[in-house]
1. Mind checking which residues of region 51-82 are surrounded by 15 or more Cβ atoms within 10 Å (Cβ to Cβ), among the charged types (D, E, K, R) and either farther than 16 Å from A259 by Cα or near the ligand (Cβ under 10 Å from one of its atoms) (or both)?
2. Checking the structure you have, find out if any residue of region 170-179 is away from the ligand (no atom under 12 Å from the Cβ), part of a loop (DSSP other than H, G, I, E, B), β-branched (V, I, T) and in contact with an Asp or Glu (Cβ under 9 Å, 6 or more places away or on another chain).
3. Given the structure, is A118 under 25 Å from R238 (Cα atoms), touching a strand residue (DSSP E or B) at 6+ places or on another chain (Cβ under 6 Å) and among the aliphatic types (A, V, I, L, M)?
4. Are any residues in region 114-132 more than 10 Å from the ligand (Cβ to nearest atom) and crowded, with 24+ Cβ neighbours inside 10 Å, and if so, which ones?
5. Determine which member of the set T25, T48, T41 is within 22 Å of the chain's Cα centre (by Cα), over 30 Å from R175 (Cβ atoms), within 13 Å of the ligand (Cβ to nearest atom) and in a loop (DSSP other than H, G, I, E, B).
6. Residue check, L192 against (1) within 14 Å of the ligand (Cβ to nearest atom); (2) over 30 Å from E299 (Cβ atoms); (3) exposed (fewer than 15 other Cβ atoms within 10 Å of the Cβ), all met but one. Which one?
7. Is there a residue in region 281-301 that is touching a residue at least 24 places away in the same chain (Cβ under 8 Å), within 25 Å of G45 (Cα to Cα), within 16 Å of the ligand (Cβ to nearest atom) and among the polar types (S, T, N, Q)?
8. State yes or no: is V165 buried (at least 23 other Cβ atoms within 10 Å of the Cβ), more than 17 Å from L300 (Cα to Cα) and touching a residue at least 60 places away in the same chain (Cβ under 8 Å)?
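Readers should treat all values here as calculations from the given coordinates under stated rules, not as data from a laboratory. Quantities reported herein were computed from a predicted structural model and do not represent experimental measurements. Cβ sites come from the backbone with ideal geometry, for glycine too, and all protein chains shown count toward neighbours.
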Amino acid sequence: MRYLKQYKMSNIIAMMRNNRKEPETCNDDFEGRLVIISGATSGIGYETAREYASHGANLLLINRNEEKSIAVCEEIREGFRVECDYKIANYARLSDVRRIGKELLESDIEIDVLIHNAGVYSTKKVITEDNNELSFQVNYLASFILNYMLKDKLKAGGKTRIILVSSEGHRFAVRGIRLDDLNYENHRHTGLGSYGVAKTAQLLSVIKFVEYFEDSGVTINAVHPGDVKSNMGLNNGRIYRFFKNKIINRTLKSPERSAKALYYLGVSKEVGGISGKFFNLTTEEEPAPPALDRDVAEELWKATIELVGLE
Ligand SMILES: NC(=O)c1ccc[n+]([C@@H]2O[C@H](COP(=O)([O-])OP(=O)(O)OC[C@H]3O[C@@H](n4cnc5c(N)ncnc54)[C@H](OP(=O)(O)O)[C@@H]3O)[C@@H](O)[C@H]2O)c1
């Protein structure tokens, strides 16, 4: 428990207070701007796509399901008279993620807001065909690869706001990241623990990317999007689904609340220039100590590049 002494009760109290706060909203126009959102076929990603489109933004969605993507894009084009296109990638397959990275890199698009939202919560330990724990790969490695592949292009463009949809669930990783055992071969896998580790890894990547983008006009922030009703966790077994539908869902709010926060973070003048922060909806908050460990951030950065073969 190397982080034990760094935990502060005041941070937990702040989190509880921020969870109850309504997000700040932004009504500025975003006409003709380009927003990329992953995981826009349900829940938070879907509502966020609608929110941006309702302010005139054009959309490029990165989803894993073609049928759902066609339906969402049609609905958005008809409803808001904006452009909506999609790319298909299953983040449980890294070759898909690299292909998308390459396509974006080679295209001449200028990205105004890049929202990494696709995510999964798995109670079971699942190892992907790339030999990574599923939650770690979908929640962390995929967004890392895209940010890493696009970093020079984004820096040259000098305007993108990158938003990582993280979670207060990162606090479940109380022991931090086990860099020597990312696939849980020698320590116990739990759904909450692995989700916490993946979201902590995402937050640690912010520490490094913010250094890279310093003074470039590109910002990168992470957000807890509120506790909202969505399809999250429905990939799990019957008992979990019963618990989620009958108990957890009763306390959850609408993902439209998350969408308002994600619009504020991507568009409002108040957030322009702010980088390297963690927000609970739209309130800046201090993450848990393992997500602030600069040494681990450094090691994880190197380990990730090696793991996914980026250099
Ligand atoms: N809901 C909450 O209370 C809450 C709280 C904190 C953080 N979050 C975070 O918010 C984000 C969105 O979650 P949500 O609650 O809106 O859940 P959701 O309704 O389950 O949406 C998840 C999205 O990610 C996509 N996705 C899942 N696995 C994927 C894969 N292997 N490859 C590509 N896309 C994949 C899903 O696609 P399909 O439609 O094809 O399944 C869906 O579009 C996640 O990062 C989650 O961790 C949610």
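1. Passing the criteria: R64, K68, E75, R77.
2. Within region 170-179 (the criterion being away from the ligand (no atom under 12 Å from the Cβ), part of a loop (DSSP other than H, G, I, E, B), β-branched (V, I, T) and in contact with an Asp or Glu (Cβ under 9 Å, 6 or more places away or on another chain)), the answer is yes, since at least one residue qualifies.
3. Values: under 25 Å from R238 (Cα atoms): yes; touching a strand residue (DSSP E or B) at 6+ places or on another chain (Cβ under 6 Å): yes; among the aliphatic types (A, V, I, L, M): yes.
So A118 passes the test.
4. Hit for region 114-132 is L114, nothing else.
5. Details: T25 fails: within 13 Å of the ligand (Cβ to nearest atom); T48 fails: in a loop (DSSP other than H, G, I, E, B).
Testing whether each residue is within 22 Å of the chain's Cα centre (by Cα), over 30 Å from R175 (Cβ atoms), within 13 Å of the ligand (Cβ to nearest atom) and in a loop (DSSP other than H, G, I, E, B) leaves just T41.
6. (2)
7. Looking through region 281-301, at least one residue is touching a residue at least 24 places away in the same chain (Cβ under 8 Å), within 25 Å of G45 (Cα to Cα), within 16 Å of the ligand (Cβ to nearest atom) and among the polar types (S, T, N, Q).
8. Answer is yes for this residue.
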